[in-house]
Each structure stands twice: as C-alpha cells, then as structure tokens.
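The values are calculated or read from the model by the stated rules, or taken from the named source; none is laboratory data. Predicted model, so just to flag it, every value in this text is computed and none were measured. Heads up, the Cβs are rebuilt from the backbone with ideal geometry, glycines too, and the neighbour counts pull from every protein chain shown. The accessibility values were calculated without ligands, DNA or RNA, using every heavy atom of the protein model including side chains. Shrake-Rupley method; radii C 1.70, N 1.55, O 1.52, S 1.80 Å.
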Amino acid sequence: MRELEQLPIPLLAWYHENARVLPWRSDPTPYHVWVSEIMLQQTRVAAVMGYYSRFMETLPDVAALAAVEDDVLMKLWQGLGYYSRARNLKKAAGQVMERYGGALPASYEELLTLAGVGEYTAGAIASIAFGIPVPAVDGNVLRVVARIAGDEGDITLPATKKRMGQALQEIIPTAMPGAFNQAMMELGATVCLPNGAPLCDKCPAAGFCAALAQDKIDLLPVKAPKKARRVEERTVYLIFHEGRVALRRRPEKGLLAGLWEYPNELAEKTDILEQWGIIPTSQRWGGTGKHIFTHIEWHMTARMVQAAGDTLPPGWVWADGPALRQTYAVPNAFQSFVPLVEAGLAGAETLT
DNA sequence: AAACCGGGGTA
DNA sequence: TACCCAGGTTT
C-alpha cells in the first residue's frame, strides 16, 4: 500500500480546513470521547447530536454513569438503537470505577478490556483522548484505504481489516494520531462517499489514489453481500383501561432487550388475550405499521382492546400519557402506533 | 466465520 | 429498493 505513505500531510491539511464542529470535539476528555464513540457505532453523526448533549447533561461523569438507574439510562438511549451499547456503557463505567478509580486508562490494551469497547473504539479513545499512536479502523477508514491503495480485499473479512490496520499503524503521525484518525473518518463521511458517489475533486488524496487512477472507484471497496431479512407478521395489542395503556418489558437478552413494548405476538397466534387473562369489553382492528431491522422486518397490525378490569400478567404495567413519555423506554419500532395510543388514552368510547 | 443487534439517511 | 453508517458480542 505504497500510496498511503503520501497521505498524512495532505490529509491533515485538509482536515484542518474542513473538520466539522461537533459537540464532543470542543472538550475531548476521555469520558466525552468514550461516550461519543459508543454512540457513533453504526450511527451517523447527525443522529447522535441530540442524544449526546442530553446524555452529558444528565450523566456528566463516569461516577454518574456507573450509578444511573437502568430505566433512566434506557430512556436517554430510546430511539438510538443497539441498546446493548447503553448497558455495556454502564457496565464499563463500573469497571472504570473499580479498577481505575473513575479515570479511563491511557492504554489501548486496557481500554480493550472494557465492556462494549472493541478494536475500533479502543483505538479512537487512545488516539483522540490520550494521543497514543494507534489506528481507529471503522467502515469509513476501510473504504478510504481500499480506494487509495486499490486494495481488492473483502473489507468484511477480519484478515482484510487487520492488513489495513497494520498499514495505517506504519504511517500514523505520532505527533497527532487523534487528528489523523478523525481526518480519515471525516474524509470517508464527507468526501470518499459509498455507493460509487465520491467527491474526488475535493479529495486531498486524489493525486495518488489508486482507485481513481485506475477508474475503479465504483468497484471499491469489495464487500461480501449480506443475508436477506426475514419477515414477521405480528399483531400489536393496544390494551386500554381508564385512560391507561398496557406495557410489558421485553426479555433481558435478544432483540430490543429490556425495553418496554405494547404486547404483541406472531399474527398466527390466536386466543392470546385469553391466555393473558384479559377480558375485553370491546375490541376492533386498528392501523398497520412496518419496521425494518437489520435482519428482521416486522409487519404489524394493531388490535385496539378495551379491558374489563385492571388485572395484568406479572411484570406488565398500566402507563398513562406522562409515564409513557417520561418513564418507559419504548423502541421506535412501535412509533407508528403512537397516534392510536393517544386516541385510546383520550377516550375509549371510540373502540365500539 | 457467521449471526445477532436499531434506526435512519441517501442514491 | 438497497446500501451503509465513528462496531461489538455471542455462537
């Protein structure tokens, strides 16, 4: 990957002129960098902005994070996705309190031992917050390296990732590794765009980019195709009683772990209300909703139910409007049913 | 190595 | 639609 040797100086010059102003860059303490990097995993900068600011207002330091109530934490994370990130963040905060007295370790290897911190995140924190010269190889960086070096290796393979990481380790400027890593990602996010739509005329590497020279921009990076999603037809039960709606907590492991949801089942299941011990005084079909996860697609149909009594299965709760907004973290998968819920909370007489 | 884990922006 | 995003953990 000879081309990479020419990269650092023009890249850093470009970054100096084009770095975006981001909340976590104004005061890059280890805690700020850590939290922002976890939020940014598989998540765009624009989506993280609001969450980051709110998070720091509520949990300004490691000690606060380690002590936060789970429900408060999940409410702060509601809608951001990949909720295990939040749970690992709190778990790691406990590890930092116990092992290091509340201060993140200035060591790539030690950062790597924290919950939710993998090779990329350890490299990002080490370089940005502590000035340690290690690469931070994310999806942007893999794309940039693949194109500049003209590397046709499958970037989904660990071997390719390792090779590119080693190449970066050899050229990373020891004086400013954090700026270099952020510049690589910034270039990938704003110029060396995916889907064959890069802005090569604005790229500081255009003069020595192998993919550009060989007209292979639209062929790189090479990436193995992903598996198809499966579709699930589900019935979502919006169960009301005296101005409140029924919620249940999802299992602690798996999809949307620990979040709250409107009770739902595969559409093929029948007599489910009976199994739950809920006696309807009235019910009707409501609207439909669709939600696409990475590997599953939910096709949902709402069932509006007025319950005769307030008895619910163990672990379920009745939530009024304020509790729904302030207390219970409900994933965006159910967002399309909010209007139906609002209507149900306001007046159940419409259910007949 | 492959599967699992959200949600949204963009072409 | 399909792709991809400042990836990590589990199997």
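Here is the figure for segment A:95-154: residues that are of a type in the set (F, W, Y) and farther than 30 Å from A:E3 by Cα total 1.
For segment A:78-116, residues that are in contact (Cβ under 8 Å) with a residue 60 or more places away in the chain, open to solvent by less than 30 Å² (accessible area, probe 1.4 Å) and within 22 Å of A:P28 (Cβ to Cβ) total 1.
If you go through segment A:131-154 and pick out every residue that is within 24 Å of the chain's Cα centre (by Cα), more than 16 Å from DNA strand B (Cβ to nearest atom) and not aliphatic (A, V, I, L, M), you end up with 1. Checking A:G289, A:G254, A:G258 one by one, the residue that is within 16 Å of DNA strand B (Cβ to nearest atom), free of Cβ contacts under 8 Å to residues at least 40 places away in the same chain and within 26 Å of the chain's Cα centre (by Cα) is A:G254 and no other. Residues satisfying the criterion are present in segment A:225-239 (criterion: in contact with a Ser or Thr (Cβ under 9 Å, 6 or more places away or on another chain), of a type in the set (V, I, T) and crowded, with 21+ Cβ neighbours inside 10 Å).
For every residue, the table says whether it meets (1) open to solvent by less than 50 Å² (accessible area, probe 1.4 Å); (2) within 14 Å of DNA strand B (Cβ to nearest atom).
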site: A:L7; (1), (2): yes, no
site: A:L22; (1), (2): yes, no
site: A:S26; (1), (2): no, no
site: A:P30; (1), (2): yes, no
site: A:W34; (1), (2): yes, no
site: A:I38; (1), (2): yes, yes
site: A:A46; (1), (2): no, yes
site: A:Y51; (1), (2): yes, yes
site: A:T58; (1), (2): no, no
